[in-house]
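Scroll down for the structure; my scribbles are underneath it.
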Amino acid sequence: MDDGDPLSHPAIQLQVSPPPSAAKGRSSSNSSNSSSGSGSSFSSHASTVSVWRRQQQQPRQQQLQQRVTPSPESGLGALDRTVGGGEADTTTAPTAIKTQHSSDGGQETEAEEAPFLANGSTSTAKKKRTPRGPPFQVQHQEPLLLPPLDTTQGAAGAAFQQEMGKLSKYIDPDRHVERGPYHGKSYPDSLTYEPEDSEVWRTHELQRVHREQSQFWTTGKKRAVKRWLLTALTGVLIGLLGVAMTYTTQRLVRFKLGTVTRLLQEEVAGTRLPGASFFSYLGLNLLYVLIANAAVWAEPVAAGSGIPEIKAFLNGVSLPRVVRVKTMLCKLVGVIFTVGSGLPAGKEGPMVHIGAVVAAGVSQGRSSLWGVDTSFSRMQDFRNDREKRDFVSCGAASGVASAFGAPLGGVLFSLEEGASYWSSKLTYRAFLCALLTAFTLLVIKTSEEAWGIPDATKMFSFGKFTSLKGVEGNYSVWELALFVLIGCLGGLLGAFFNRSNERLTRWRMRRLQPCPRRQCLEVVAVCAAMTFISYFLPLCWVKCTPLPSSGAMATDGWTEQERALAMKLVPFRCKAGEEYNELASLFFTDPDTAIKQLFHFRESGSTHYPSFSAGALILYFFPFFGMAIWAYGSAVPSGLFVPTLLSGAALGRLFGHLLHVMDGANGTFADSGTYALVGAAAVLGGMARMTISLTVILLEATGDMQYVVPLMITLMAARWVGNLFGESLYDIHSRLKGYPVLEPDMPPAARKNMIAAEIMSASPKTFRRVERVSTIYDSLASTEHDCFPVLNAEDGNVLVGTVLRKALCVILQHKAFTHPDTFSPLSESSHREKGRLFSPLLDWPTLEKIYPRYPNIQDIRITVEDRQCVIDLRPVMNTAPYCINETASLVRTYRLFRTMGLRHLCVVNSHNQVTGIITRYDLLPDNLHIKYEHLSKAATAGERSYYTRDRRASAFTVKPPSNRSQWREDWAARKEIRGAGVEEGDEEEDFEDGGTMIRVL
């Protein structure tokens, strides 16, 4: 220790006297254990307390400048061991105080000369109990009081000014605080799915059970009934929002197309100036898209489809504002105007996000936007991450049911693509939610017919598919090979779509994302380009295809659906009622009508109904497909289901049309509508890589079970081919946005034979069971960690629990800490005799009623006097945290972490001492790859240690090589072992000391 450094002097360790209630019954034997430093005894001297009280009465600045001088009369108790103090200088040999309590509650103090050791214990005749396991290095904690300093000059003055600077940032209310984008952090946090098994939580649950003894209407029954009622309410609300979105979008599109068509007819008649229809078309599209961009400017999370965000949320990633009511409103308004602007975007993906937000809001029973907040006692069972996750899963299922009218497909979508954690009870709840959504849609659709036969044209659907050959199917069995070919082609196109959009998104993140004005300009450019394409391509298509007459329709057996679709064909500059423009019928209409025309205008054999030529399909597919790549990811709410379905339907119909052209009038192949349906499934499956849920969604949308096998085989082929070139687009965007999503498959690094000790974050921040406010506050302010292991410093620093950042922030905000003169913990022996130490200062409702908006450490102010207080972490810490041994394999570690939905996983050695901690960031494939490369380089340089089993100790130990030459000999021998066919992990004799090798590099 450097005597010249004024901060290196031994600190005055404060001793406090226990209250009479705690002192009664303590024997002299316990007091003697206190003097020997064997337990957590907190003996004190009354004079030391008076010194501390006198200092508390001094002004704050004077107290900082006039530090207490260490003296032999100042007793050094066990407070430093449990509360946290600096290292004590053994050369000063202060007096240890041994206190005995009389029968009437008084104190008799007896001084005993004993040098105080650096670890806080005194050297006495009694042998000190040796801690179990190897020594564990505890972080240095600052002392409670510092020695006096000369604040005017020299090194002492510089040190004092530095210390004052550290304190000023905690007590200055006007300081600027840098906040990260994720709840004040620079990276996304994780959700807490496992309940905290703390004393406060157990006490709260026991009180509820005690109050409900001999009652029929218990908390469990109330919780179950409320859960089902809230689920039903969620389904109804999502159905209403789906109807409102569909009707509003149709109104906007009809107004725009009607205005442009009227102006176009007036141009043809010569009553309007040329270009009036185009500029009105461009102006309305730009107006709509600017409104959609304004919604994203109001809430940036509303951009895109929202499916990557919901997948990340259900995987356990806490993303700010994802399930807020403001996000839902901006998403709803934005997607209505995005679809109305004519961009290649759909409303089906955003409906998943909207449904998730509705479910999350209903389950919480409050909204900060509207100022609605029910009492915590009514909704406390659902205000946690686990319940919110289940409700969000149900909401995502209802969103799909509202968009496609497919309740079963919605449940399977939530199971396959959304939720990472599923249960049978959640299946029934999601089924009920989707059922009520579909029921709401059915009631509204049939309201005009007095709830009679539903009209399928009033909501999004693929139309009514029927058998074209009576009882026979619409395809031959041998055509399944052609469907597989279309599936492979769709997988290739999906992979090209994903790769192109990924590169475009990377460019956006570098060039456009930092500036909202650039994002707005890009949206305007996309809208203008799509307007030019959709207007001038039909204008350049001079061919006018004649419409069949009414007599021909009746003779050829046209259905009512086909007649209605024929009437919606757009003439553009052709003769209205006699001719139509093929490209205008695809571009100048809403997406629902365009996809029905591609599906239901039959072309089979000698019967040639009004259809689309190969040139029109080619001119529609390639520009629309390219614009869909450009539009997705821009600063507007948009989905990809309908754009990929439309482009795939055009591709499939082109494929079928060419087959019929080559076949002539023989009728060998199925109609072009069947190939259009298969092509739509292929392109969508190649982009999203969905199989089960997408099959059921398409079947429910078509209503024809004869397409089960073609759709299944097409989607499987599209998925297999697409996976050869990359992952799905939603996974790509999750990765680009930095969402730490843990996939169900093991990462590639799991094949590298890595262990938990090689992937963990070593040297975590730790606290003791009773810790200082200054230590806790400084740790929270200087780090972004969310979990802090709690150690028992009296038992070899073994792990006794974990405490979360949110609990510590709530405690600091409520100032639920104790001054040293009133705090009096007991020793381990007295704790076992007396029972619990004292009741917690904060109850469970106080800790959790502000969920999920817990206080931030930057918003909490503490004074210098508060920094000297202590906090008992035992009531709020999780006494049963998940742990794993440091020698566990990566496969076991990953499976435990993801299956249990953990937030933190403590890594311990054989002595239950914390050696590290694992979060979801440590298990990401990229991070695992980096760590493996680092370990490989260290092994090449001869620095990597290896694990051996010591026969005498029979425990795992890390044994570094004695020297480089010895390591190289071992490495050469291991290469020979591996070359001889010995598997990794086989036991071989160690070359150094005869131990058994269990880790082969």
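The values are calculated or read from the model by the stated rules, or taken from the named source; none is laboratory data. Just so it is clear, the structure is predicted and the values come from calculations on it, not from any experiment. Note that we place each Cβ from the backbone using ideal geometry, even for glycine, and neighbour counts take in every protein chain shown. The accessibility values were calculated without ligands, DNA or RNA, using every heavy atom of the protein model including side chains. Shrake-Rupley method; radii C 1.70, N 1.55, O 1.52, S 1.80 Å.
The figure for T644 is an accessible area of roughly 0 square angstrom, using a 1.4 Å probe on the protein chains alone.
Of the peptides 513-526, 759-772, 230-243, the order by per-residue mean of other Cβ atoms within 10 Å, starting with the highest, comes out as 230-243, 759-772, 513-526. In this structure, the residue pairs whose Cα-Cα separation is over 21 Å, taken from K256/K326; K347/K445; K425/K849; K815/K849; K326/K425; K331/K445, are K256/K326; K425/K849; K326/K425; K331/K445.
With K and R counted +1 and D and E -1, the other residues having a Cβ less than 15 Å from that of C540 yield a net charge of +1. Considering only C-alpha atoms, what is the centroid distance from the range 776-796 to the range 186-236, in Å? What the calculation gives is 29 Å, centre to centre.
The order of the peptides 398-409, 356-367, 883-894, 215-226 by mean Cβ neighbours within 10 Å, most packed first, is 398-409, 356-367, 883-894, 215-226. Ligands, DNA and RNA aside, H600 has an accessible area near 10 Å² when probed at 1.4 Å. Across the range 872-882, rounded Karplus estimates of 3J(HN,Hα) from the backbone phi angles (6.51 cos²θ - 1.76 cosθ + 1.60, θ = phi - 60°) give 8, 8, 4, x, 9, 7, 6, 7, 9, x, 6 Hz, Gly and Pro being marked x. Scalar couplings 3J(HN,Hα) for the range 624-640, obtained by applying the Karplus form with A = 6.51, B = -1.76, C = 1.60 to θ = phi - 60°, are 5, 5, x, 5, 5, 5, 6, 6, 6, x, 6, 7, 9, x, 7, x, 10 Hz; x denotes Gly and Pro. With K and R counted +1 and D and E -1, the other residues having a Cβ less than 15 Å from that of L896 yield a net charge of +2.
Packing, as the average of other Cβ atoms within 10 Å across residues, places the peptides 472-480, 777-785 in the order 777-785, 472-480, highest first. Rounded, prolate or oblate: which one fits the range 479-737, using the alpha carbon gyration tensor with axes a ≥ b ≥ c (rounded when a/c is under 1.5, else prolate when a/b beats b/c, else oblate)? Since a/c reaches 1.5 but b/c is at least a/b, the shape of the range 479-737 is classed as oblate. Counted residue by residue at 0.36 nm each, then reduced by the alpha carbon distance between them, the extension gain from Y428 to L521 reaches 28.9 nm. Computed from the Cβ-Cβ distance with R0 of 56 Å, the FRET efficiency linking W217 to A528 stands at 0.35. The residue list M509, L485, T559 was ranked by how far each Cα lies along the charge dipole of the range 479-737 toward its positive end, using unit charges on Cβ atoms, and M509 comes out on top. Three semi-axes describe the equivalent ellipsoid of the range 238-447; taken as square roots of 5 times the Cα gyration tensor eigenvalues and ordered largest first, they are 37, 18, 14 Å. A simple count of charges around V914, restricted to other residues whose Cβ falls under 11 Å of its Cβ and scoring Lys, Arg +1 and Asp, Glu -1, yields 0.
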